[in-house]
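Working notes, structure below.
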Amino acid sequence: MEDTYRHKGLRKQLIGLLRQKGIADEKVLEAMESLPRHYFLDKAFEEWAYEDKPFPIGHEQTISQPYTVAYQTVLLDVRKRDKVLEIGTGSGYQAAILALLGARVYTVERQEALYHKAKSLLRELKLGNIRCYLRDGSKGLPEFAPFDRIIVTAGAVEVPAPLLEQLAIGGILVIPVGDPVQRMHRITRISETEFQDEALAAFRFVPFLKGLEKEE
Ligand code: SAH
């Protein structure tokens, strides 16, 4: 893996574009500028890594568009040492951004091949503080709850109840909800029983699916 001046230059341009599109959180922009997105795509598609587009990562899944990663990460408002649950590891890019922001990351993927690939890449990048799980994310990770932050990176038809239950009081859940287009929701847990739900911009994510998908 190599991060050349050319890659760095392209990344700077991408960050400029994200700013133009309204992303203003310097910590998030800094993390995205420091992380080589091309490591998360197959070598043959490196050229595409710094376009503001989603990209196929195999198994009918995509690495989210940089703008979407930035948008969700800003909403999540991660603080250092926060315990963060991500549903939908995919390429591992979003998990890496969260780790760079100082979070303790727990990321869950339902597809075995993607889980293995992301896990070994994240280990190789030595970002620390990221744990990968092969699970159905709709159940969350009850044994590690509560989480300060939860982020879902696949489009859900409804908010899974276990994720609400596993959110700490004062915690934030960012989740795209709807079919076939999703609105981004930011749900804040006010107390044991009260949640504040804000419906924000529209996005189109790959579907949130139930159960595990194993390699044959
Ligand atoms: N955060 C990823 C984006 C991946 S796309 C990245 O940065 O690259 C969404 C991912 O969610 C896919 O890999 C898909 O397999 C996964 N997914 C969908 N439903 C899921 C579920 N119920 N549990 C865990 N992962 C799920």
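The values are calculated or read from the model by the stated rules, or taken from the named source; none is laboratory data. Keep in mind that what you see is a predicted model, and the values were worked out from it rather than measured. Please note: Cβ atoms are built from the backbone with ideal geometry, for glycine as well, and neighbour counts cover all protein chains shown. Calculation scope for accessible area: heavy atoms of the full protein, side chains included, ligands and nucleic acids excluded. Shrake-Rupley method; radii C 1.70, N 1.55, O 1.52, S 1.80 Å.
Can you tell me which lysines have their Cα less than 19 Å from the Cα of K117? Leave out same-chain residues fewer than eight positions away.
Hits, sequence-local ones excluded: K43, K126, K214.
Under a Cβ-only charge scheme (Lys and Arg +1, Asp and Glu -1), can you give me the dipole magnitude of the chain about the Cα centre, in debye to the nearest 20?
560
Sequence-distant or interchain residues sharing an amide H contact under 5 Å with F147, placed H: which?
L167, A168
Which number comes out as Rg/Rh for the chain once both Rg and the Kirkwood Rh are worked out on C-alpha atoms?
With Rh from the inverse mean 1/r over Cα pairs, Rg/Rh is 0.94.
How big is the charge dipole of segment 20-103 about its Cα centre, in debye rounded to the nearest 20, if each Lys and Arg gets +1 on its Cβ and each Asp and Glu gets -1 on its Cβ?
320
For a protection proxy built on the mean count of beta-carbon atoms within 10 angstrom, sort 90-101, 190-201, 24-35 highest first, please.
Highest-to-lowest ranking by the protection proxy: 90-101, 24-35, 190-201.
Between E33 and T188, with labels modelled 7 Å along Cα→Cβ, what's the label distance in nm to one decimal, could you check?
Taking the simple label geometry, E33 and T188 are separated by 2.9 nm.
How would K43, K139, K8, K83 line up by accessible area, probe 1.4 Å, largest first?
Solvent-accessible surface, decreasing: K43, K139, K8, K83.
Straight-line reach from K210: which aspartates and glutamates fall under 19 Å, measuring Cα to Cα and dropping same-chain residues less than 8 apart?
Partners within reach: E60, E86, E109, E112, D136, E158, E165, D179.
Given H placed on each backbone N at 1.01 Å, which residues far from A103 in sequence or on other chains put an amide H within less than 5 Å of it?
R81
With +1 assigned to the C-beta of every Lys and Arg and -1 to the C-beta of every Asp and Glu, and no other charges, what is the dipole magnitude of segment 117-178 about the Cα centre in debye, to the nearest 20?
The calculated dipole for segment 117-178 is roughly 380 debye.
Positive end of the charge dipole of segment 50-93 (Lys, Arg +1 and Asp, Glu -1 on Cβ, about the Cα centre): tell me which of Q65, P54, V78 has its Cα farthest that way.
V78
Can you tell which of L209, Q111, Y5 lies farthest toward the positive end of the dipole of the chain, using +1 and -1 charges on the Cβ of basic and acidic side chains (Lys, Arg; Asp, Glu)?
Of the listed residues, the answer is Y5.
Give me the lysines in straight-line cross-link reach of K80: C-alpha distance below 17 Å, same-chain residues under 8 apart excluded.
Cα-Cα hits under 17 Å: K27.
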